Structures are given as C-alpha cells and as structure tokens.
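> Attaching a single structure in structure tokens format; questions to follow.
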Amino acid sequence: MARARYSHSAYWYAKNCGYTRSDKATFAEQYMDFCTRPARGGGTCLHDFNPLILCAYAMIDAGLAVKRGMDMLRDPVERDRIRRETAQSLRSLRRPFYYARETERRRRMAAERRKVNRRYTTAPAPTPEALLDAWEARKESREAMIRLGGMLHDLECYVDNCLKIDESGAVVGRNGGIRGWIRENLPELTPKYKTLMRYKALAIRLRQATDTRDPTPTTALLEGPRHEAVEEILSDPEPVFSRVFDMLDHRLSPNTVFLDPAKKNLRRRKVKKKKRKPWPSRRA
C-alpha cells in the first residue's frame, strides 16, 4: 500500500527554504526565494541571480501547468466541474442585466398562484380510490409526490369553489371545493387537508417552472421528453418533500434571483441554527 506524501508546514519552508507556499511553490518562485534568501545569522545573499536560469524554470512551470490542464480536461469529472463553474460565472455576469425583469416576472407568478380561476383539464376526474392510493404512495418516490399534487390540481377542475354572494353583493363564503369533496368522499383525509394542499402547491409551482398551462395535466410532465426542472428534481431519488419544494422555490421566488442553490441552502441552514433567547424566568 502506497504511503501518502508528507507535506511540510509553511513555517518549516519559511525557516529552511525562504518561501512560505509549502510544496505548491513553482520552480521560478523557489529560485527567486533561493537567490534572495539571506545567509544564516544575517548578512548579504550568498547566491547570484541568473535570468537564464529563471527563464528555464519559468518554461518548466509553464509546461507543467499545460500538462495539469490537459490531465484535467481528459478527466470527465473535472471537465464537467469546469463546465459548471464556467456556466455559473457567466450567469453571475449576466444577472445584473435581467435582475429587475426576472424579479417582476416571479412576483407576477406568485400573484397568479393566489388567484381563484376557472380551470379545465384533459385528465379525467380523480376517483376517491385513486386519490387514496396516491396519498399512501406519496413517500415512495418523487414521481409519486408529483402525481399526488397533480391529481389534486386536476380535482380542482371538477369541484365548485366559487364565492357565495348575498343579495347585497357582499361575499359571505365559498362553496366546498376540494375540502368539501374530501370531507364527503375521503373523511379519513380531512385532518390532512393542509398537507394535501402543500402537494397541490408543489404541482402548481412545477407547472409554473415548466410553463405548463391548462388543459395539459401535471402528470404529462413525467412522460416523454422531460423538462429541465423535472430532470433536476428526479435526479435525486430520495423522496424528501422539503427538498423538492425548495428546488422549485429557488426557481420561482423573487428573493432568490441572485442566489445560487448552494448559497441559498447555506443561508437557510444558518437561519435554522439561529435559536431564540429563552424568556427570563419570573421569581415569586
């Protein structure tokens, strides 16, 4: 078994060799430190500077740099990393030109999600048995989460959720809608209504991220050539609802236009770690 190569500390190199970049210093840097290093105990430098030697070391460093670059390009993992970092840098440079427009677009989509519209779809009306099966299978995969949310989104087309208006024109309530349908057909899921609405909100966000409009059902996104957002979601098989929701929220929230996914998740973790100070105890 090959032993790992030992690397001296920066202090050791500064004390014995005169340079502080450890073993990552180039030959040209080592030669410059070698020529400018004073003698032990003080005094003048013991070595004369030769520009020809410096040029030779610089050519060696350039050749080694080219060799390292070619090795990185031959490695598919490193090549993919370089491509992603370059694309990220280009996106960062282009963001100031479309930041205001993209922020306004995301705010319009957020307002659209809060509206109550008359909808229509080509998908058949979900049956109570099918919806119950989708609920029980929701944690098996991310596709199952999308199917449940899409089924609830399609159910909205077959229920009445219109406003109730009295004789004076005032709004006095709303028809049963999805809540009334669940209360009548699946009473065991009535306590889970808020959780069901979160899956419906997931489907709405996925439709906005993929620019899917009525009458195309949400389940059509899982068939045929998939959208980039769907591929990104399904690339990780772990069925964690919060991660899928955060991925879509990063694409749609106006507050994350300038943030990369890694920075956005880091900021969210810092907020979670922040603890509130306990209330001072009252003594009798």
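Bear in mind these aren't lab numbers, they're just calculated from the coordinates by the rules spelled out. All figures in this text were calculated on a predicted structure; none of them were measured in a lab. Cβ sites come from the backbone with ideal geometry, for glycine too, and all protein chains shown count toward neighbours.
> Simple spin-label model, 7 Å along Cα-to-Cβ: Ala125 to Arg198 in nm?
Going from the Ala125 label point to the Arg198 one covers 2.9 nm.
> Among 57-64, 208-215, how do they line up by average Cβ neighbours within 10 Å per residue, starting with the highest? Kindly include the intermediate steps, with their values, before the conclusion.
On the way: 57-64: 13.4, 208-215: 14.9.
Going by the mean number of other Cβ atoms within 10 Å, highest first, we get 208-215, 57-64.
> Shifting gears a bit: How much FRET efficiency would the formula 1/(1 + (r/R0)^6) give for Asn255 and Cys35, where r is the Cβ-Cβ distance and R0 is 45 Å, rounded to 0.05? List each step's numbers first, then the result.
Values: r = 55 Å, r/R0 = 1.22.
Using R0 = 45 Å, I get an efficiency of 0.25.
> Counting only residues 5 or more places away or on other chains, whose amide H sits under 5 Å from the amide H of Arg174 once H atoms are built in the peptide plane?
Residues meeting the criterion, in which the H sits 1.01 Å from N, are Lys164.
> Here's another thing I want to ask about it. What is the packing order of peptides 121-132, 78-89, taking the mean over residues of other C-beta atoms within 10 Å and listing the highest first?
Details: 121-132: 14.5, 78-89: 11.1.
Order by mean packing, descending: 121-132, 78-89.
> Under 18 Å between alpha carbons: how many lysine pairs meet that in segment 122-255, if sequence neighbours fewer than 8 apart on the same chain are excluded? List each step's numbers first, then the result.
Values: Lys139/Lys192; Lys139/Lys194; Lys139/Lys200; Lys192/Lys200.
Final tally of qualifying lysine pairs is 4.
> Could I ask something else about it? Let me check I've understood the local charge: for Ile182, count other residues with C-beta under 13 angstrom from its C-beta, Lys and Arg +1, Asp and Glu -1. What total comes out?
+2
> Mind checking segment 127-192 for trypsin sites (Lys or Arg not before Pro) that DSSP puts in a loop (not H, G, I, E or B) and that have at most 16 other Cβ atoms within 10 Å? If you can, show how the numbers build up before the last one.
On the way: sites: Arg138, Lys139, Arg142, Arg147, Lys164, Arg174, Arg179, Arg183, Lys192; in loops: Arg138, Lys139.
Those satisfying the criteria are Lys139.
> Picking from Asn185, Ala134, Met151, whose Cα lies most toward the positive end of the charge dipole for segment 122-255 (charges on Cβ: Lys, Arg +1; Asp, Glu -1)?
With unit charges placed on the Cβ atoms, the residue in question is Asn185.
> Let me ask another. Three principal axis extents, largest first, for the C-alpha atoms of segment 122-255, in Å?
Principal-axis extents of the Cα atoms in segment 122-255, largest first: 53, 34, 28 Å.
> Compute the signed sum of charges (Lys and Arg +1, Asp and Glu -1) over the other residues within less than 10 Å, Cβ to Cβ, of Thr122. Could you put the intermediate results ahead of the total?
Details: positive: none; negative: Asp154, Asp214.
Here the charged neighbours net out to -2.
> Note down the net charge around Met70, summing +1 for each Lys or Arg and -1 for each Asp or Glu among other residues with Cβ under 12 Å from its Cβ. Present the calculation step by step, with values, prior to reporting the outcome.
Numbers: positive: Lys67, Arg68, Arg74, Arg79; negative: Asp71, Asp75, Glu78.
Net charge around Met70: +1.
> Now for a different question. Which distance in nm do the two modelled labels at Ser168 and Glu112 give, with both placed 7 Å along the Cα-to-Cβ direction?
3.7
> Test of understanding: what is the full-extension gain from Leu132 to Asn50, defined as 0.36 nm times their sequence separation minus their Cα-Cα distance? Walk me through the intermediate numbers first.
Numbers: separation 82, 0.36 × 82 = 29.52 nm, distance 8.25 nm.
Here the answer is 21.3 nm.
> With only Lys, Arg, Asp and Glu charged, each at its Cβ (+1 for the first two, -1 for the last two), find how big the charge dipole of segment 122-255 is about the Cα centre; round to the nearest 20 debye. Before the final figure, lay out each step's value.
Working: 18 positive and 22 negative charges, 76 e Å.
The dipole magnitude comes to about 360 debye.
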